[in-house]
Amino acid sequence: MSRKNIIAANWKMNMAPSEAAAFLDPFLKAFPEPTPVEIVVAPSFVSLPKAAELLAGQSAVGLSAQNMSHEKSGAFTGETSAAMLVEVGCQYVILGHSERRSLYGEDDVVINRKVHATLAAGLVPILCIGESLEERDGGQLEFVLSQQLEGSLAGIDASQMPGIVIAYEPVWAIGTGRTATPEQAQETQAYVRSVIERLFGGAVAEAVRIQYGGSVKPGNAGELIAQPDIDGFLVGGASLDPASFGEIVKAGF
Ligand code: 13P
C-alpha cells in the first residue's frame, strides 16, 4: 500500500502572527496547488488565526496546533480545547512532543486522553514518541517505544488508527544537529510499525504514516525519505525558513 508522505513544520515557540504571515506569503506562492505530499504548518496558538486566514481557500497546506487540552471546557487556566482549535481552522494537533513530555510533565496517560479528545473532535493527532540517548544506549529503545505506543493509544480502535499520524523523534536528535542515520531511523521506524501491527493488525500497520523528526534539513531529507518506513517529517529548526522547509517538502514528492 502506498502511503502519502506528510511533512509538517513544528514552529515551536517561534513565529508571532506577523512572522507567520511573512513565512506563509512566499510559501503559498511556492506551493499554490495541492502537491504529492500532505504539507502541514503548526504555529503557536496566537498565530493560528492569522495562519488560518492566509490558508483559507487553498488546499495545499493544512493547519495544526502544537498541543491541546483533553478537557472539553471549563476552569482550566491557560488551556485550549479541541473545539476551539476546530473553530479557528485546525485540522491537526501535535500531541506528546518530547518537549511537552520532558518540560511540562506530560505522560502517556494524559497524552492518551488527548488522543481520544482529538479524534472525537475530528482532528488528526500527530502523536510523538521517541527515546532519550540514555534509553537507547541502555538497550531500552524497543521497551520505551512500545510503552509509549501502548500507553498513548490505549482504548483506540483499529478503525481509528489510519486517522492518526505517528512521529518518531529520537530525543537526542531534536535541535542537536545530530540526525539519526537513515539506517537507524529506518530500523527504528520498522520496529514502530511492528508494534502497531501487534496492537492493531497488519492492514492498519501498512496504512499508518510514521514521520521522522530530529534535525531534518534540506541536505539530509532525501536520504531519510527514501527509507521504506519513513512517511514524512516533523521539522523544527529548518521549518522556520520558507525556502528551507520548501526544499524538505520537495524531497517528499
Ligand atoms: P529540529 O528539527 O529542530 O531538530 O526539531 C525537531 C522537532 O522537535 C520537531 O517536532
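Every number here is computed from the coordinates shown, using simple stated rules; none is lab data. These numbers were taken from a predicted model, which means no experiment stands behind them. Virtual Cβ from ideal backbone geometry, glycine too; neighbours counted across all protein chains shown.
Skipping prolines and chain starts, which residues have an amide H placed within reach, meaning under 5 Å, of the one on His97, given they are 5 or more residues away or on another chain?
For His97, whose amide H was placed from the backbone, the distant partners under 5 Å are Cys128.
Below 15 angstrom from the Cβ of Arg193, what's the summed charge of the other residues (Lys, Arg +1; Asp, Glu -1)?
Numbers: positive: Arg3, Arg198, Arg209; negative: Glu142, Glu150, Glu187, Glu197, Glu206, Asp229, Asp231.
Once positives and negatives cancel, what remains is -4.
Using only the Cα atoms of the range 155-253, build the gyration tensor, take square roots of its eigenvalues as a ≥ b ≥ c, and label the shape rounded, prolate or oblate: rounded if a/c is under 1.5, else prolate if a/b is larger than b/c, else oblate.
Values: a/c = 2.12, a/b = 1.83, b/c = 1.15.
Here the range 155-253 falls in the prolate category.
Considering Cα pairs under 8 angstrom that are at least six residues apart, work out the relative contact order of the range 24-147 and quote it in whole percent.
Values: 167 pairs, mean separation 25.3, N = 124.
Result for the range 24-147 is 20 percent.
Taking the chain as a Gaussian network, Cα atoms linked when under 10 Å apart, which of Asn112, Asn220, Asn67 shows the biggest mean-square fluctuation?
Between Asn112, Asn220, Asn67, it is Asn220 that shows the largest mean-square fluctuation.
Return the long-range amide H neighbours of Val124 (sequence gap of 5 or more, or a different chain), with a cut-off of under 5 Å between placed amide H atoms.
Those lying under 5 Å, H to H, from Val124 are Tyr92, Val93.
Can you check what the net charge comes to around Gly155, using other residues whose Cβ is under 14 Å from the Cβ of Gly155 (Lys, Arg +1; Asp, Glu -1)?
Details: positive: Arg113, Lys114; negative: Asp108, Glu150, Asp157.
Computed value for this residue: -1.
Over the chain, what is the mean sequence separation of C-alpha contacts under 8 Å (at least six apart), divided by residue count, expressed as relative contact order in percent? Intermediate results must be reported in sequence, preceding the final value.
Values: 491 pairs, mean separation 54.6, N = 253.
Reported as a whole number, the value is 22 percent.
Output wanted: per-residue J couplings in Hz (rounded whole) for the range 222-229, from phi through Karplus 6.51 cos²θ - 1.76 cosθ + 1.60, θ = phi - 60°, x for Gly and Pro.
Going residue by residue, I get x, 6, 6, 5, 6, 6, x, 9 Hz, with x marking Gly and Pro.
Which of Leu54, Leu127, Leu145 moves the most in a Gaussian network model of the chain with Cα springs under 10 Å?
Looking only at Leu54, Leu127, Leu145, the largest GNM fluctuation is found for Leu54.
Once the other residues with Cβ under 12 Å from the Cβ of Pro242 are scored (Lys, Arg +1; Asp, Glu -1), what is the net sum?
On the way: positive: Lys29; negative: Glu19, Asp25, Asp241, Glu247.
That sum, taken over residues with Cβ under 12 Å, equals -3.
Gaussian network model of the chain, Cα springs within a sub-10 Å range: biggest mean-square fluctuation belongs to which of Ser102, Ser47, Ser215?
Maximum fluctuation in the GNM of the chain, among the listed residues, is at Ser102.
Treating the beta-carbon of each Lys and Arg as +1 and of each Asp and Glu as -1, no other charges, what is the dipole magnitude of the chain about its Cα centre, to the nearest 20 debye?
On the way: 17 positive and 29 negative charges, 92 e Å.
Roughly 440 debye, rounded to the nearest 20.
Mind checking which aspartates and glutamates have their Cα closer than 18 Å to the Cα of Lys50? Skip sequence neighbours fewer than 8 apart in that chain.
Glu19, Asp25, Glu87, Asp241
Please go through the residue pairs Lys12/Lys250; Lys12/Lys114; Lys29/Lys72; Lys12/Lys217; Lys4/Lys250 and name each one whose alpha carbons sit more than 25 Å apart in this structure. Can you show the working numbers first?
Details: Lys12/Lys250 22 Å; Lys12/Lys114 19 Å; Lys29/Lys72 37 Å; Lys12/Lys217 16 Å; Lys4/Lys250 13 Å.
Too far apart for the 25 Å limit: Lys29/Lys72.
Give me Arg100, Arg193, Arg178 sorted ascending by neighbouring Cβ count inside 10 Å, so fewest comes first.
Lowest to highest Cβ neighbour count: Arg178, Arg100, Arg193.
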